[in-house]
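Peer 1: Below is a structure I'd like to ask you about.
The values are calculated or read from the model by the stated rules, or taken from the named source; none is laboratory data. Small disclaimer: the values here were computed from a predicted structure and weren't measured. FYI the Cβ positions are ideal-geometry reconstructions off the backbone, even for glycines, and counts take in every protein chain you see. Heads up: the accessible areas ignore ligands, DNA and RNA and are worked out on the full protein's heavy atoms, side chains in. Shrake-Rupley method; radii C 1.70, N 1.55, O 1.52, S 1.80 Å.
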Amino acid sequence: MLKAFHSAAIVITVALSSGAALAAPGASGHSHATFAAGEPGNPKKPARVIVVTMREGDGKMMFVPDRVEIKRGEQIRFILSNSGELEHEFVLATTEENLKHAEEMKKNPEMEHDDPNARRVKPKKRDEIVWRFTKAGNFEFGCLIPGHRESGMTGTIVVK
């Protein structure tokens, strides 16, 4: 039994050191070790507040606003308000990461996230993410629930 535990610990250590995300098919959630868009913020420190509304209408799904400009090093408190009738997500990453993640979500649509850069918000509810943008570049926030991204539910963050 100790040998089996040791082998499992080695596999987990190797996976984490390689930056791999650990998520078994059918798992209720998963987590990423590193983030392209910066790092989780400190909720006890000052942050600029940006309210992002998630909604549906006219056959589209959207974030309002769908474009945000941020200064490198700035900490943001995203207040995520779902004014729609459907559950939505806010996942902060690069477009490439979100596209890859969206493919995983198609295979496991009930997947829940346990990541500091992602929240799933029920209809008529609110949540928040505090994030510090340590890297300049263009990033994305998207709803990766199958069909939502395809219906227009993405936004852009420009970090200068």
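Peer 1: Looking at this structure, is residue 85 acidic (Asp, Glu) and in contact (Cβ under 8 Å) with a residue 24 or more places away in the chain?
Peer 2: Answer is yes for this residue.
Peer 1: In region 117-136, how many residues are more than 13 Å from the chain's Cα centre (by Cα) and open to solvent by 10 Å² or more (accessible area, probe 1.4 Å)?
Peer 2: 9
Peer 1: May I pose another question? Determine, yes or no, whether residue 38 is on the phi > 0 side of the Ramachandran plot, small (Gly, Ala, Ser) and within 16 Å of the chain's Cα centre (by Cα).
Peer 2: Here the answer is yes, as residue 38 does meet what is asked.
Peer 1: Report yes if residue 139 is among the aromatic types (Phe, Trp, Tyr) and over 13 Å from the mean Cα position of the chain (by Cα), otherwise no.
Peer 2: When the stated conditions are applied, residue 139 does not pass them.
Peer 1: Mind listing just one residue for me: the one in region 79-106 that is touching a Pro at 6+ places or on another chain (Cβ under 7 Å) and exposed (fewer than 15 other Cβ atoms within 10 Å of the Cβ) and, of those, modelled with the lowest pLDDT?
Peer 2: Once the filter is applied, the top-ranked residue is 106.
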